[in-house]
1. Step through the residues of region 85-93 one at a time and calculate ³J(HN,Hα) from phi using the Karplus curve (6.51 cos²θ - 1.76 cosθ + 1.60, θ = phi - 60°), rounding each to whole Hz and writing x for Gly and Pro.
2. Which trypsin sites (Lys or Arg not before Pro) in region 69-133 sit in a loop by DSSP (not H, G, I, E or B) and have at most 11 other Cβ atoms within 10 Å of their own Cβ?
3. Please list, ordered by chain and number, the residues whose modelled amide H lies under 5 Å from the amide H of Ser147; skip anything fewer than 5 residues away on the same chain.
4. Tell me the label-point distance for the pair Met138, Thr122, using the 7 Å Cα-to-Cβ offset, in nm and rounded to one decimal.
5. Going by accessible area, probe 1.4 Å, with all protein chains left in place, what is the ranking of Leu152, Leu132, Leu180, largest first?
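The values are calculated or read from the model by the stated rules, or taken from the named source; none is laboratory data. Just so you know, these numbers come straight off a predicted model, no measurement behind them. Backbone-built Cβ (ideal geometry, glycine too); neighbour counts: all protein chains shown. Please note that ligands, DNA and RNA were not included when accessible areas were found on the heavy atoms of the full protein model with its side chains. Shrake-Rupley method; radii C 1.70, N 1.55, O 1.52, S 1.80 Å.
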Amino acid sequence: MKKSVLISSSCLVMIGLSGCTTGSFPGGLQNANPAVVVPNVDATLDIDLSPSRGEAFAPPIRPTLDTTQTRPDLPPPPPPTARTVEDFDTTTAEDRAEAVVTAPVAGERRLGQTIASLGSPTEPGIWFKTPLVSSVGMGRIEYNGTSIAVELRPSGGAVGSGSQISLAAMRLIGAPLTGLPEITVYGG
(Lines give C-alpha, C1' and ligand atoms only; values in the text may rest on other atoms or scores of the structure.)
Protein backbone atom coordinates (compact mmCIF):
# COMPACT_ATOMS: atom_id res chain seq x y z
CA MET A 1 0.00 0.00 0.00
CA LYS A 2 1.40 3.41 -0.93
CA LYS A 3 0.75 6.67 0.87
CA SER A 4 1.72 10.09 -0.34
CA VAL A 5 2.07 13.45 1.35
CA LEU A 6 2.16 16.64 -0.66
CA ILE A 7 5.09 18.78 0.54
CA SER A 8 5.00 21.41 -2.19
CA SER A 9 3.67 21.71 -5.69
CA SER A 10 6.80 20.09 -7.13
CA CYS A 11 7.82 17.46 -4.57
CA LEU A 12 6.12 14.18 -3.63
CA VAL A 13 7.28 12.04 -0.76
CA MET A 14 6.37 8.38 -0.76
CA ILE A 15 5.89 6.63 2.54
CA GLY A 16 5.88 2.85 2.56
CA LEU A 17 7.96 2.49 -0.57
CA SER A 18 7.34 -1.20 -1.09
CA GLY A 19 6.61 -1.91 -4.72
CA CYS A 20 8.60 1.07 -5.96
CA THR A 21 11.53 0.71 -8.26
CA THR A 22 14.18 3.01 -9.59
CA GLY A 23 13.09 4.81 -12.74
CA SER A 24 12.17 8.14 -14.26
CA PHE A 25 9.56 9.11 -11.67
CA PRO A 26 10.42 12.36 -9.75
CA GLY A 27 12.97 11.48 -7.09
CA GLY A 28 14.13 8.41 -9.01
CA LEU A 29 11.08 6.26 -8.17
CA GLN A 30 8.37 4.94 -10.40
CA ASN A 31 5.12 3.15 -9.79
CA ALA A 32 5.60 -0.64 -9.94
CA ASN A 33 1.89 -1.15 -10.62
CA PRO A 34 0.85 0.69 -13.82
CA ALA A 35 -2.84 0.27 -12.91
CA VAL A 36 -2.41 2.68 -9.96
CA VAL A 37 -2.71 6.34 -10.92
CA VAL A 38 -0.01 8.62 -9.52
CA PRO A 39 -1.40 12.03 -8.43
CA ASN A 40 -0.38 15.13 -10.34
CA VAL A 41 2.19 16.78 -8.06
CA ASP A 42 1.87 20.10 -9.87
CA ALA A 43 -1.82 20.49 -8.93
CA THR A 44 -2.47 23.40 -6.61
CA LEU A 45 -4.27 22.33 -3.46
CA ASP A 46 -6.07 24.98 -1.46
CA ILE A 47 -6.39 22.94 1.72
CA ASP A 48 -5.08 24.15 5.06
CA LEU A 49 -5.36 21.52 7.76
CA SER A 50 -3.64 23.58 10.44
CA PRO A 51 -5.86 23.84 13.53
CA SER A 52 -4.84 27.47 13.95
CA ARG A 53 -6.52 28.42 10.68
CA GLY A 54 -10.11 29.07 9.83
CA GLU A 55 -12.97 30.77 11.64
CA ALA A 56 -13.62 27.81 13.94
CA PHE A 57 -10.07 27.97 15.28
CA ALA A 58 -9.27 31.69 15.07
CA PRO A 59 -8.66 33.11 18.55
CA PRO A 60 -9.99 36.60 19.21
CA ILE A 61 -7.42 39.38 19.09
CA ARG A 62 -8.81 40.88 22.28
CA PRO A 63 -10.99 39.15 24.86
CA THR A 64 -14.68 39.45 24.15
CA LEU A 65 -17.02 40.69 26.83
CA ASP A 66 -19.83 38.53 28.14
CA THR A 67 -22.76 40.87 27.48
CA THR A 68 -24.87 39.06 30.09
CA GLN A 69 -22.51 40.42 32.75
CA THR A 70 -22.27 44.05 31.71
CA ARG A 71 -24.36 47.18 32.11
CA PRO A 72 -25.73 48.83 28.97
CA ASP A 73 -23.99 52.08 29.92
CA LEU A 74 -20.61 50.40 30.19
CA PRO A 75 -17.65 52.61 29.24
CA PRO A 76 -15.90 51.80 25.96
CA PRO A 77 -13.09 49.24 25.95
CA PRO A 78 -9.56 50.61 26.04
CA PRO A 79 -7.91 51.29 22.68
CA PRO A 80 -5.56 48.61 21.28
CA THR A 81 -2.67 51.06 21.82
CA ALA A 82 -3.36 51.39 25.59
CA ARG A 83 -0.19 51.19 27.66
CA THR A 84 -0.76 53.26 30.82
CA VAL A 85 -3.26 52.99 33.67
CA GLU A 86 -5.03 56.11 32.38
CA ASP A 87 -5.29 54.55 28.91
CA PHE A 88 -6.90 51.39 30.29
CA ASP A 89 -9.30 53.16 32.69
CA THR A 90 -11.97 54.44 30.31
CA THR A 91 -14.49 55.43 32.99
CA THR A 92 -15.47 59.08 33.01
CA ALA A 93 -15.17 61.45 35.97
CA GLU A 94 -18.97 61.29 36.16
CA ASP A 95 -18.89 57.45 36.36
CA ARG A 96 -16.33 57.60 39.16
CA ALA A 97 -18.22 60.27 41.12
CA GLU A 98 -21.45 58.30 40.82
CA ALA A 99 -19.76 55.15 42.19
CA VAL A 100 -18.53 56.74 45.43
CA VAL A 101 -20.87 55.79 48.29
CA THR A 102 -20.88 57.96 51.41
CA ALA A 103 -23.42 55.97 53.46
CA PRO A 104 -24.58 52.33 53.54
CA VAL A 105 -27.48 51.55 51.24
CA ALA A 106 -30.76 50.56 52.89
CA GLY A 107 -31.66 46.91 52.49
CA GLU A 108 -28.16 45.68 51.67
CA ARG A 109 -26.56 42.77 53.48
CA ARG A 110 -22.95 41.89 54.14
CA LEU A 111 -21.94 38.98 51.90
CA GLY A 112 -18.46 38.51 53.35
CA GLN A 113 -14.82 39.42 52.99
CA THR A 114 -12.56 38.32 50.16
CA ILE A 115 -9.05 38.87 48.88
CA ALA A 116 -9.09 40.56 45.48
CA SER A 117 -6.58 40.84 42.68
CA LEU A 118 -6.65 43.14 39.70
CA GLY A 119 -8.89 41.73 36.97
CA SER A 120 -8.40 42.15 33.24
CA PRO A 121 -7.68 45.81 32.50
CA THR A 122 -9.27 45.32 29.07
CA GLU A 123 -12.71 44.87 30.69
CA PRO A 124 -14.06 48.39 31.19
CA GLY A 125 -16.30 49.56 33.98
CA ILE A 126 -16.54 49.45 37.75
CA TRP A 127 -17.11 45.79 38.57
CA PHE A 128 -16.18 43.10 41.10
CA LYS A 129 -16.08 39.36 40.23
CA THR A 130 -16.54 37.20 43.29
CA PRO A 131 -17.69 33.73 44.31
CA LEU A 132 -19.87 35.43 46.95
CA VAL A 133 -22.64 36.04 44.35
CA SER A 134 -24.34 33.72 41.90
CA SER A 135 -25.88 36.31 39.56
CA VAL A 136 -25.08 39.75 38.23
CA GLY A 137 -26.35 42.64 40.32
CA MET A 138 -25.40 45.92 41.88
CA GLY A 139 -23.63 45.96 45.20
CA ARG A 140 -21.01 47.76 47.22
CA ILE A 141 -17.44 47.06 48.26
CA GLU A 142 -15.47 48.58 51.09
CA TYR A 143 -11.72 48.90 51.64
CA ASN A 144 -9.94 50.92 54.34
CA GLY A 145 -13.01 53.09 54.96
CA THR A 146 -13.64 53.80 51.26
CA SER A 147 -16.89 52.49 49.87
CA ILE A 148 -17.99 52.33 46.21
CA ALA A 149 -20.92 50.96 44.26
CA VAL A 150 -19.94 48.20 41.83
CA GLU A 151 -21.50 45.72 39.49
CA LEU A 152 -21.15 42.38 41.29
CA ARG A 153 -20.42 39.51 38.90
CA PRO A 154 -20.16 35.82 39.75
CA SER A 155 -16.64 34.50 39.30
CA GLY A 156 -17.66 30.86 39.11
CA GLY A 157 -15.05 29.92 41.71
CA ALA A 158 -15.56 28.23 45.04
CA VAL A 159 -16.28 30.40 48.07
CA GLY A 160 -12.92 31.42 49.50
CA SER A 161 -11.13 31.26 46.14
CA GLY A 162 -10.66 35.01 45.91
CA SER A 163 -12.09 37.71 43.69
CA GLN A 164 -11.14 40.06 40.88
CA ILE A 165 -11.65 43.80 40.80
CA SER A 166 -11.72 46.12 37.81
CA LEU A 167 -8.95 48.63 37.27
CA ALA A 168 -11.35 51.56 37.75
CA ALA A 169 -12.72 50.11 41.02
CA MET A 170 -9.21 49.38 42.32
CA ARG A 171 -8.23 52.98 41.69
CA LEU A 172 -11.41 54.31 43.33
CA ILE A 173 -10.87 52.42 46.60
CA GLY A 174 -7.22 53.49 46.68
CA ALA A 175 -5.78 49.97 46.74
CA PRO A 176 -2.34 49.34 45.22
CA LEU A 177 -2.74 47.88 41.72
CA THR A 178 -0.24 45.11 42.44
CA GLY A 179 -1.64 44.40 45.91
CA LEU A 180 -4.13 41.86 47.21
CA PRO A 181 -6.53 43.94 49.31
CA GLU A 182 -9.04 42.35 51.68
CA ILE A 183 -12.41 43.73 50.63
CA THR A 184 -15.80 43.59 52.33
CA VAL A 185 -18.64 42.89 49.90
CA TYR A 186 -22.26 43.99 50.30
CA GLY A 187 -25.20 42.98 48.13
CA GLY A 188 -28.74 44.23 47.85
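1. Going residue by residue, I get 4, 5, 5, 6, 7, 9, 5, 8, 4 Hz, with x marking Gly and Pro.
2. Arg83
3. Val101
4. Going by the 7 Å Cα→Cβ label model, 3.0 nm.
5. Details: Leu152 5, Leu132 45, Leu180 120 Å².
These residues rank, largest area first, as Leu180, Leu132, Leu152.
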